[in-house]
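Here the structure comes first, spelled out in structure tokens, and everything after it is commentary.
Every read-out reported here was derived from the displayed coordinates using simple, explicitly stated rules and does not represent laboratory data. Computed from a prediction, not measured in an experiment: that's the story for all the values here. Glycine gets a Cβ as well: all are built from the backbone with ideal geometry, and neighbour counts include every protein chain shown.
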Amino acid sequence: MTNEQLLDDLKQYVSTTVSQATADLKNELKDEMNKRFDSMDKRLDRMDERFDDIDGQLNEIQNAVGSELVKNDTAIHDLDKRVRRLEARAA
């Protein structure tokens, strides 16, 4: 075997080794990124659940405030009627 053939064989070996190492690193990186994205998805799902709970509570609060507002508006309207009747009698 000549030096040139040895050099060509060595180049091919190094190229193959580097290529395989690069492919392995890519796969490891891809697997690690997938794990991290899965973890992020789980966290985002938990956040969505919390937001849904908070949204439900806010809806209950808004409904309660709305009901009280209607009651107060009705009471104010009734008082306004009474005041006008009293003013009319006094006049």
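The calculated FRET efficiency for the pair LEU86 and ASN63, based on their C-beta separation and a Förster distance of 25 Å, comes to about 0.10.
Here LYS30 is the anchor, and the aspartates and glutamates within straight C-alpha reach of less than 17 Å, apart from those fewer than 8 places off in the same chain, are ASP38, ASP41. If you take the beta carbon distance between ASP53 and ASP73 as r and set R0 to 35 Å, what does 1/(1 + (r/R0)^6) give as a FRET efficiency, to the nearest 0.05? It comes to 0.70. Using θ = phi - 60° in the Karplus curve 6.51 cos²θ - 1.76 cosθ + 1.60, the 3J(HN,Hα) couplings for region 28-37 round to 5, 5, 4, 5, 5, 5, 4, 4, 5, 5 Hz; x is entered for Gly and Pro.
The P(r) of the chain has a tail past 21 Å containing 72 percent of all C-alpha pairs. 3J(HN,Hα) along region 81-91, derived from phi through the Karplus expression 6.51 cos²θ - 1.76 cosθ + 1.60 where θ = phi - 60°, amounts to 4, 4, 4, 5, 5, 5, 5, 5, 5, 6, 7 Hz, with x in place of Gly and Pro.
By its C-alpha gyration tensor, with a ≥ b ≥ c as the square roots of the eigenvalues, how is region 1-41 shaped: rounded for a/c under 1.5, else prolate for a/b larger than b/c, else oblate?
Since a/c reaches 1.5 and a/b is larger than b/c, the shape of region 1-41 is classed as prolate.
Ordering VAL65, THR2, ILE54 by Cα displacement along the dipole of the chain toward the positive end leaves VAL65 in first place; charges were set at the Cβ atoms of Lys, Arg (+1) and Asp, Glu (-1). Remark: ARG36, ARG89 ranked as ARG89, ARG36, counting other beta-carbon atoms within 10 Å and listing the fewest first. Here the 3J(HN,Hα) profile of region 72-77, calculated from phi with Karplus coefficients 6.51, -1.76 and 1.60 at θ = phi - 60°, is 5, 5, 5, 5, 5, 4 Hz, Gly and Pro shown as x.
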